[in-house]
1. What do you get for GluC sites (Glu not before Pro) in region 52-149 restricted to DSSP loop and a cutoff of at most 11 other Cβ within 10 Å of the site's Cβ?
2. Any idea what the relative contact order of the chain is, in percent, if you count C-alpha pairs under 8 Å spaced at least 6 apart?
3. With just the Cα atoms defining each centre, how far is region 39-78 from region 110-151? Give it in Å.
4. Got a sec? How would Tyr150, Tyr61 order by Cβ neighbour count within 10 Å, fewest to most?
5. Suppose each label sits 7 Å from its Cα in the direction of the beta carbon; what would the Val124-Glu142 distance come out to in nanometres?
6. Do you know the relative contact order of region 25-73, to the nearest whole percent, from alpha carbon pairs under 8 angstrom that are 6+ apart?
7. Could you tell me the calculated FRET efficiency between His108 and Met67, based on Cβ-Cβ distance and R0 = 41 angstrom, to the nearest 0.05?
8. So, in nm, how far is label Gln83 from label Glu43 when the simple model puts each one 7 Å beyond its Cα toward the Cβ?
Amino acid sequence: MDQEQLKAAMAPCGLNCEKCFAHVGGEIRRLSLQLREKLGNFEPYAQRYHTMLKEPVFEKYPDFKQMLDYFAAENCRGCRHEQCKLFAECGIRPCHQERQVDYCHQCHEFPCGNTNFDERLYKVWVIINQRIQKMGLAQFYEGDKPRPRYP
């Protein structure tokens, strides 16, 4: 993956946008579409299995389908293309645009209080940026690919 592709995949905060459930080109969306296709018209079968097998979990299928449909929907093209749809108060994108840096660790004020992140996400943000700074973006990206987005 070249630098421009990496930059398109990685948000200025250092998170991989393509790993987010909302990203149009992400694996979560792709797999959700596949699962939805494989399940087809499962709803009447779920009702039948609930009755025949006396398994309460099948009663919850409509909720599962609603979540699956949400994951499969086109949502976001990534933080470099639009404001984050999941975290409207994110302070990273406007700050990155104002300061003209590609990633937070490149800013002389890193780490700062401009993120609007909660304590947990703030800690993750600092660690990610320190790792990118130490390893380089390409190596960080390759090492991060197999990890789940939501550990």
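What follows is calculated from the coordinates using simple rules that are stated; it is not laboratory data. Source: prediction; values computed, not measured. Positions of Cβ are backbone-derived with ideal geometry, glycine not excepted, and every protein chain shown enters the neighbour counts.
1. Glu74, Glu82, Glu89, Glu109
2. 29
3. Here the two parts' Cα centres lie 34 Å apart.
4. Placing the least packed residue first, the sequence is Tyr150, Tyr61.
5. For the pair Val124/Glu142, the computed spacing is 2.5 nm.
6. Computed over region 25-73, the figure is 53 percent.
7. Efficiency at R0 = 41 Å is approximately 0.45.
8. The answer from the label model is 3.4 nm.
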